[in-house]
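Everything below concerns the one structure shown next.
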Amino acid sequence: MVNHQTMGDRAAHLSPEDLAALRENLHEQRLFRQEQLRRIASAPRAEDLLRRRSAAQAEVHIKLAASARMVLADVEAALQRIAEGSYGACHLCRRPVERERLMIVPQARYCGRCQQVREAGR
């Protein structure tokens, strides 16, 4: 038998209060990452860092910026899914992402099971 639930039905496990709290959390994360990237951008360039610091410190600086950009993109994508009404559905199996998982990682794209499968495949 085929299940004809709509995206909204699948995400219905989140109350309006849950969704508001998650949206607020994502907005806070966005502001934090934007500020983090502003600070990194205002720091000396990588070439200058190499002259002033060890190569390892420069590499950490570069990786920190890349990580912040990646998290910011994930946060922006989650906010877009909220706006579109597709938030809370796993990108692989289309089942709802567990409420507890979203409360911990509100930008999560995958349910716990699919996330484990993805990580095992790395």
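FYI, it's all coordinate maths here, none of it is from the lab. Treat the numbers as computed from the prediction; the structure is a model and nothing was measured. Here the Cβ positions follow ideal geometry from the backbone for every residue, glycine too, while neighbour counts run over all protein chains shown.
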Output ordering of 86-99, 69-82 (per-residue mean of other Cβ within 10 Å, highest first) is 86-99, 69-82
Summed over the other residues with a beta carbon less than 11 angstrom from that of Q115, with K and R at +1 and D and E at -1, the charge totals +2
log10 I(q)/I(0) for the stretch 52-114, Debye formula on C-alpha points only (no solvent), q = 0.18, 0.25, 0.26, 0.27 Å⁻¹, two decimals, reads -0.67, -0.99, -1.04, -1.09
Between the modelled labels at A77 and E28 (7 Å from Cα along Cα→Cβ) the distance in nm is 2.3 nm
One would report the Cα pair-distance distribution of the stretch 80-122, bin width 5 Å, in %, as 6, 26, 31, 24, 10, 3, 1
FRET efficiency for Q57 and I104 from the Cβ-Cβ distance with R0 = 25 Å, rounded to 0.05, comes out at 0.20
Listed by chain and number, the residues whose amide H is under 5 Å from that of A89, excluding neighbours fewer than 5 places away on the same chain and using placed H, are V97
The ³J(HN,Hα) series, computed from each phi in the stretch 104-120 with the Karplus coefficients 6.51, -1.76 and 1.60 at θ = phi - 60°, rounded to the nearest Hz and given as x for glycine or proline, is 8, 10, x, 8, 4, 9, 10, 5, x, 5, 5, 4, 4, 5, 4, 5, 5
